[in-house]
1. When the residues of segment 70-91 are narrowed to those that are closer than 26 Å to Thr163 by Cβ and open to solvent by 20 Å² or more (accessible area, probe 1.4 Å), which ends up nearest to the chain's Cα centre (by Cα)?
2. I need the full set of residues from segment 92-109 which are open to solvent by less than 20 Å² (accessible area, probe 1.4 Å) and more than 13 Å from Arg282 (Cα to Cα), in order please.
3. Can you pull out every residue in segment 194-232 that is basic (Lys, Arg) and either within 21 Å of Leu269 (Cα to Cα) or surrounded by 15 or more Cβ atoms within 10 Å (Cβ to Cβ) (or both)?
4. Determine whether segment 136-143 contains at least one residue that is of a type in the set (Phe, Trp, Tyr) and either more than 29 Å from Phe304 (Cβ to Cβ) or part of a strand (DSSP E or B) (or both).
5. Quick check on segment 233-264: of everything there that is outside any helix (DSSP H, G or I) and among the acidic types (Asp, Glu), which residue is least open to solvent (accessible area, probe 1.4 Å)?
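The values are calculated or read from the model by the stated rules, or taken from the named source; none is laboratory data. What you are looking at is a predicted structure, and each value in this text was computed from that prediction instead of being measured. Note that each Cβ is placed from the backbone with ideal geometry, even for glycine, and that neighbours are counted across all protein chains shown. Only protein heavy atoms, including side chains, enter the accessible area calculation; ligands, DNA and RNA are left aside. Shrake-Rupley method; radii C 1.70, N 1.55, O 1.52, S 1.80 Å.
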Amino acid sequence: MSDPLNTPVVRHSPSTGKGSPDVWGIYEPDTGSIQYICADPATKKAALIDVVWNFNPKNYRFSTDSMDQVLDIVKEEGLSVEWVLDTHPHADHVMASAHLKERTGAPNAIGALVPKIAGIWADLYNLPDAFDPHRDFDHLFEEGETFKIGDLDARVMLSPGHTLGSITYVCGDAAFVHDTLMQPDAGTSRSDFPGGKTSELWDSIQEILALPGNTRLYIGHDYGTKERKEPKWEATVDEHKANNIHVKDGTTCEDYIERRRKRDATLALPDRILAALQINLRGGRLPKAENDGNHYLKLPVNRFD
């Protein structure tokens, strides 16, 4: 019998009515990432959110298995891709943004503060001219900006803490909250990367939990728990407020910050971070090939504990 946490899993969360999207969650087991398709049931227009370009850190080889799986679902469901969206420059997986833009013709987008994140990492890599989000993304979403997915209204919430420029996409009764909340039985995401801040993560989570109680919250990652051996990624605002082990009703900001910082102090860097950010801050593109036709990454030595 296969282990669900080591198996790609697809689940469909159907529209709940007018103004509500169809949502497909596609679990990527190597990084515990959840990729999303958010679609208007009426027009069949869709946004792809946080899709993975598979990367093996043992041999630095890439494959397109995850994005192929997402695009297969798009085809099977008769959808048309209108947006390729990311919530932030991911530390634990390589984004498929540039590839999906090429394969679908849809514009790619991320948050407006990503150039500031790029500045931090350009210093860490000593690559002052490497990253230009204005060049590599078609659109940089501002806080509060609105857009359409088919006929559905969508808006952007700035939700920093995990990174300084993370954004949440809200479409009807669905919100894609990335690396803020985990499932209620797992708590919340880390806030110790460069540019992250625990107090800002608390504030972002409080804004997310101020959405209507029936809002479906879709998280960025799940790794199961000691008790739960299958991936999950959807819970409502009310479920988080009642049950989230880090931020349920009655939790104080001070208690949360202390608990989050103690937990973060025990966590190692993700094994893909130093490669992934160098690619993700280029919109999911490798550095320009060198004179032998191959691509190379630059890794900082002795810069992290």
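1. The initial filter retains those residues of segment 70-91 that are closer than 26 Å to Thr163 by Cβ, namely 70, 81-91.
If we keep only those that are open to solvent by 20 Å² or more (accessible area, probe 1.4 Å) too, we end up with 81-83.
Working: Val81: 18, Glu82: 18, Trp83: 15 Å.
That would be Trp83.
2. If we filter segment 92-109 for residues that are open to solvent by less than 20 Å² (accessible area, probe 1.4 Å), which is where we start, we get 93-98, 100, 106, 108-109.
Passing the criteria: His93, Leu100, Ala106.
3. Within segment 194-232, Lys197, Arg216, Arg228, Lys232 qualify.
4. Taking segment 136-143 and keeping what is of a type in the set (Phe, Trp, Tyr), we get 137, 141.
Okay, now just the ones that are also either more than 29 Å from Phe304 (Cβ to Cβ) or part of a strand (DSSP E or B) (or both), so 141.
Yes, segment 136-143 contains a residue that is of a type in the set (Phe, Trp, Tyr) and either more than 29 Å from Phe304 (Cβ to Cβ) or part of a strand (DSSP E or B) (or both).
5. Of segment 233-264, the ones outside any helix (DSSP H, G or I) are 233-236, 244-252.
Cutting the leftovers down to among the acidic types (Asp, Glu) gives us 234, 249.
On the way: Glu234: 76, Asp249: 109 Å².
Restricting to residues being outside any helix (DSSP H, G or I) and among the acidic types (Asp, Glu), the top hit is Glu234.
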